[in-house]
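My questions all concern the structure below.
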Amino acid sequence: RFANTAFFWLFASFCQWAWRFLIYDRYISEPPSQRFIDLCTVAKVSVFIMDELFHGYYLHCRSPYEFADCSMEEMIAQMKREENGFTTDRALDAPGVPKDCQNFQLFTSATFRRQIDKVY
């Protein structure tokens with residue numbers, strides 16, 4: 001009896017995992033990382049994350065909106081202007097950077113890491 005119950009629970013867990021990661025996150029919903037970048041963009045906050053000693057990520061969450069602290073009506077109006085193409089894009093404004101890229105992988109030097117450690 002225990003083996004049957006355990007098998008069905010494991011099978012149900014696997015089916016949920018397969019649905020979530022293989023179908024839902026890829027084709028129906030936005031990935032959680034993209035939702036985080038959108039949240040930081042609306043809040044006008046750029047993020048610098050060092051996950052290893054000399055490796056990290058920079059999320060350039062430049063917002064084309066004037067203000068981040070506004071009412072919901074103003075936020076919806078700003079998003080409609082962005083949707084219609086009346087604002088600048090969110091990407092980093094540098095040569096050689098794709099226009100739709102907001103996240104960057106960083107490989108730093110030992111000198112840069114020492115400077116970061118002094119500050120933080």
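When Cα extents along the principal axes in Å is calculated directly from the model, which label among (1) 45, 32, 19; (2) 62, 46, 29; (3) 40, 31, 31 fits?
This structure yields the entry labelled (2).
Still on this structure, please answer the following. Charges on Cβ only, +1 for Lys and Arg, -1 for Asp and Glu, centred on the Cα centroid of the chain; of 77, 63, 19, which one is farthest towards the dipole's positive end?
Working it through, the farthest residue towards the positive pole turns out to be 19.
How about the chain: what cysteines have no other cysteine beta carbon under 4.7 Å from their own?
Lone cysteines by the Cβ rule: 15, 70, 101.
Okay, next question. Please compute the per residue accessible area over the chain with all protein chains in place, 1.4 Å probe, rounded to a whole number of Å².
Spelled out: the 1.4 Å probe surface of the chain, per residue, equals 79 Å².
Given charges of +1 on the Cβ of Lys and Arg and -1 on the Cβ of Asp and Glu, with all other atoms neutral, how large is the dipole of region 5-120 about its Cα centre, in debye to the nearest 20?
Using Cβ point charges on Lys, Arg, Asp and Glu, region 5-120 gives about 360 debye.
Mind checking the full-extension length gain between residue 112 and residue 15? Use 0.36 nm per residue of separation minus the Cα-Cα distance, one decimal, nm.
30.4 nm
Within the accessible area of the chain, what % is carbon and sulfur when the probe is 1.4 Å and the other protein chains stay in place?
62 percent
What is the chain's relative contact order, in percent, from Cα pairs under 8 angstrom and six or more apart in sequence?
22 percent
The values are calculated or read from the model by the stated rules, or taken from the named source; none is laboratory data. Note that this is a predicted model, so its numbers are computed, not measured. Note that each Cβ is placed from the backbone with ideal geometry, even for glycine, and that neighbours are counted across all protein chains shown. Each accessible area value is taken on the protein alone, full model and side chains, heavy atoms only, with ligands, DNA and RNA left out. Shrake-Rupley method; radii C 1.70, N 1.55, O 1.52, S 1.80 Å.
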